[in-house]
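> Supplied in structure tokens, the structure appears directly below.
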Amino acid sequence: LENILGRIKYFFDMNFDFYHYYRSGSTHLDKYYFLRGKPDIQLILDSFYFEKDTQFSTSHDFKVSNILAYEMLTVYLNNRLSKLEHPLQAVDKNPNYLKVRHTWTGKKVELIELVYALEKGGYIDNGQINIKDLITYIENIFNVDLGDFYHAYLKMRERKGSRTIFIDKLRKDLDERMDESDVR
């Protein structure tokens, strides 16, 4: 797994400038990278471009697809490595500890949003737990596989409007519960 991660890192190192441009959301070079027809040969470093249909593809769309695929593969491989290196070993101080399995029934992305907030706030182990280990722990507690949690986090960052939809909903739900308790 580490060998594959090394090859992926090499790809990102070799394409650092384009990767940074693409991920920054810049558009000033799009006319060179993403228009069909008249590619700037000086910008094309991949021989693959000359083997594809230039009426359909642009000079850098294959590179973007590689970036997206490698990002997802990196997250997956890092998750696997983390689970291999740090298998969850719960301390069983209570004889009834996790005898009854509870299952997360909300959306996975909602739980991921909550876990990222808990990790950022340092509310678990005084902030001494990394996100991968915390995700693994939460997956075991709630009997759920959160899969590609980093990709879900990237999608949250790209949300228009509120980027914390679930946490906003939790606040609203708790306010409603307190209001209902006040009425009683």
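The values are calculated or read from the model by the stated rules, or taken from the named source; none is laboratory data. None of these values were measured; they are calculated from a predicted model. Positions of Cβ are generated from backbone atoms using ideal geometry, with glycine treated the same way; all protein chains shown enter the neighbour counts.
> For region 123-184, which helices (runs of 4 or more DSSP H) that fit wholly inside it have 2 or more residues that are touching a residue at least 12 places away in the same chain (Cβ under 8 Å) and in contact with a Leu (Cβ under 8 Å, 6 or more places away or on another chain)? Steps first, please.
Numbers: elements: 131-142, 149-157, 165-183.
Filter on region 123-184 gives 131-142, 165-183.
> Oh, and also: Scan region 5-53 residue by residue and report those that are among the acidic types (Asp, Glu) and modelled with pLDDT under 80.
Selection gives Asp30, Asp40, Asp46, Glu51, Asp53.
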